[in-house]
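The values are calculated or read from the model by the stated rules, or taken from the named source; none is laboratory data. For clarity, every value in this text was computed on a predicted model and none was experimentally measured. Cβ placement follows ideal geometry from the backbone for every residue including glycine, while neighbour counts extend to all protein chains displayed. Ligands, DNA and RNA are stripped out before the accessible areas are found, and what is left, the full protein with its side chains, is counted by its heavy atoms. Shrake-Rupley method; radii C 1.70, N 1.55, O 1.52, S 1.80 Å.
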Amino acid sequence: MRKKTAFTICTDRQANLRYLKDRIIAVIGYGKQGRAQALNLRDSGLDVIIGLPQKSKRQARQDGFEVYSTEEATQVGNLISILAPDHLHQEIYQRQIEPNLSSGKTLLFACGFSIHFQLVLPPDFVDVIMVAPHAPGEVMRRLFLQGKGVPCFIAVKQDRSGNAQKKALAYAKAIGCTKAGVFETTFEHEAIGDLFGEQAVLCGGLTQLLKAGFDILVDTGLPPENAYLECVHQLDFIVNTIKSYGIAGMFDRISKTAEFGSYLSGKRVITKQVKRQMEKILQEIEDGTFAKRWMKEYEGGMRNYRALKEQVTEHPIEKTGKKIRRLSR
Ligand SMILES: NC(=O)c1ccc[n+]([C@@H]2O[C@H](COP(=O)([O-])OP(=O)(O)OC[C@H]3O[C@@H](n4cnc5c(N)ncnc54)[C@H](OP(=O)(O)O)[C@@H]3O)[C@@H](O)[C@H]2O)c1
């Protein structure tokens, strides 16, 4: 059992952009997070450059940024924000970032994965911090433009300068997160919680549940459209109601029949056996089995990844979903 730690919540008033003024922020990667964060940082008045491989420089240039190679951006930038995909961090870090690091720089990650699982081993002369937004980049940018933000986690792994936490808070403010709440955590807790949440609950677990429900109704003779509307299509209503009013509040807002039936049947779906599997998944995340498997998959050319992705795209639920989405547009 992991030691319980206090959870600090920081707000807009505790964050000060002066810890990033007169510094150059080098955003490495211009994908989902990279583009949104770079645009928000620049709109907050900070100096931002982009580091990218040759092939994807166009979009960043079109958005008006100075674009460098990853090596050059690491040399020019004081704060290196690593926003390339996690499975590439080790390779990018070892080949393009580490040889160009010097004392006084800060390495920033948007997820605890590569530091916690020791894929990246920074030298002791840099600050190592994390600012991990809790939303896709697109949503973060959209809310920022509306004067709002998305919540995020921050953490400090190495505090060489004595100001590492203040820099993380300033960065969180600059991308809009202090408007929605900044939660101070550790790289370990973020890495474990993030992997478990996405695998067992939000992405992996939930999609399997939706498909199992759909398959059972279709196998017993219901039209796929009917099954889709009952098991998948209303998900946004349930999710939004839980987000606004909590689980108990959601039950107050559905029919009494739906509520009573849910109390009886939900527990029969998520059985002790299912919970034991969830614990096993957590254990494999904690002991590094999953991280090793993912890196091995990447190094081996992603064959299993592609096969699993194909299985998802080929499932009949996708065809039905497309049809329903077209009709309800
Ligand atoms: N996606 C999310 O919603 C989300 C949310 C919170 C945190 N995060 C974290 O944010 C980080 C970025 O994730 P993401 O989903 O935004 O990644 P992503 O969209 O897959 O990032 C792709 C970008 O990385 C670039 N890249 C590849 N190799 C590079 C190199 N050698 N040097 C510089 N850039 C390189 C790609 O350039 P090319 O196009 O040229 O290959 C592309 O611009 C991850 O640590 C992730 O865990 C993501």
**Message:** Restricting to region 91-123, name every residue that is over 18 Å from T70 (Cα atoms) and in contact (Cβ under 8 Å) with a residue 60 or more places away in the chain.
**Reply:** C111, G112, F113, I115, H116, F117, L119
**Test for V274: is it outside the structural domain of V150 (by TED's automatic domain parsing), over 24 Å from S328 (Cβ atoms), out of contact with any Cys (no Cβ under 6 Å at 6 or more places or on another chain) and surrounded by 11 or more Cβ atoms within 10 Å (Cβ to Cβ)** = yes
**Asked** Would region 43-55 turn up any residue that is within 7 Å of the ligand (Cβ to nearest atom), of a type in the set (K, R) and either crowded, with 23+ Cβ neighbours inside 10 Å or farther than 18 Å from G149 by Cβ (or both)?
**Response** yes
**Item:** Which numbered condition Y305 misses (of (1) touching a helix residue (DSSP H, G or I) at 6+ places or on another chain (Cβ under 6 Å); (2) open to solvent by 80 Å² or more (accessible area, probe 1.4 Å); (3) touching a residue at least 40 places away in the same chain (Cβ under 8 Å))
**Value:** (3)
**Only one of K21, K32 that is near the ligand (Cβ under 8 Å from one of its atoms) and open to solvent by 10 Å² or more (accessible area, probe 1.4 Å)** = K32
**Message:** Anything in region 108-139 that is open to solvent by less than 10 Å² (accessible area, probe 1.4 Å) and acidic (D, E)? List them, or say none.
**Reply:** D127
**Complete:** Those residues of region 174-212 which are open to solvent by less than 60 Å² (accessible area, probe 1.4 Å) and within 14 Å of Q14 (Cα to Cα) amount to A174, G176, C177, T178, A180, G181, V182, F183, E184
**Considering residues of region 252-276 that are outside any helix (DSSP H, G or I) and not basic (K, R) only, the residue farthest from E230 (Cα to Cα)** = T271
**Asked** Are any of the residues in region 112-119 within 24 Å of I285 (Cβ to Cβ), assigned to a helix (DSSP H, G or I) and out of contact with any Leu (no Cβ under 9 Å at 6 or more places or on another chain)?
**Response** yes
**Message:** Condition (residue is small (G, A, S), open to solvent by less than 10 Å² (accessible area, probe 1.4 Å) and within 14 Å of Q33 (Cα to Cα)) applied to region 149-170: is it met by at least one residue?
**Reply:** no
**Request:** Pick out the one residue from E91, E71, E98 that is open to solvent by 50 Å² or more (accessible area, probe 1.4 Å) and more than 12 Å from the ligand (Cβ to nearest atom).
**Result:** E98
**Message:** Given the criterion more than 30 Å from N16 (Cβ to Cβ) and over 15 Å from the mean Cα position of the chain (by Cα), identify the matching residue among L169, L229.
**Reply:** L229
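Per-residue answers, yes or no, for (1) touching a residue at least 60 places away in the same chain (Cβ under 8 Å); (2) under 28 Å from the mean Cα position of the chain (by Cα):
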| site | (1), (2) |
| --- | --- |
| P223 | no, no |
| G246 | no, yes |
| S255 | no, no |
| K267 | no, no |
| L282 | yes, yes |
| Q311 | no, yes |
| K322 | no, yes |
**Request:** May I ask you to verify whether T313 is in a helix (DSSP H, G or I), modelled with pLDDT of 95 or more and open to solvent by less than 70 Å² (accessible area, probe 1.4 Å)?
**Result:** no
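Residues checked against (1) touching a residue at least 24 places away in the same chain (Cβ under 8 Å); (2) touching a strand residue (DSSP E or B) at 6+ places or on another chain (Cβ under 9 Å):
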residue: V27; (1), (2): yes, yes
residue: Y30; (1), (2): yes, yes
residue: Q33; (1), (2): yes, yes
residue: L39; (1), (2): yes, yes
residue: D47; (1), (2): yes, yes
residue: G51; (1), (2): yes, yes
residue: S56; (1), (2): yes, no
residue: R61; (1), (2): no, yes
residue: F65; (1), (2): yes, yes
**Message:** Take the residues in region 277-302 that are in contact with a helix residue (DSSP H, G or I) (Cβ under 9 Å, 6 or more places away or on another chain) and closer than 30 Å to E230 by Cα; name whichever of them is surrounded by the fewest Cβ atoms within 10 Å (Cβ to Cβ).
**Reply:** Q277
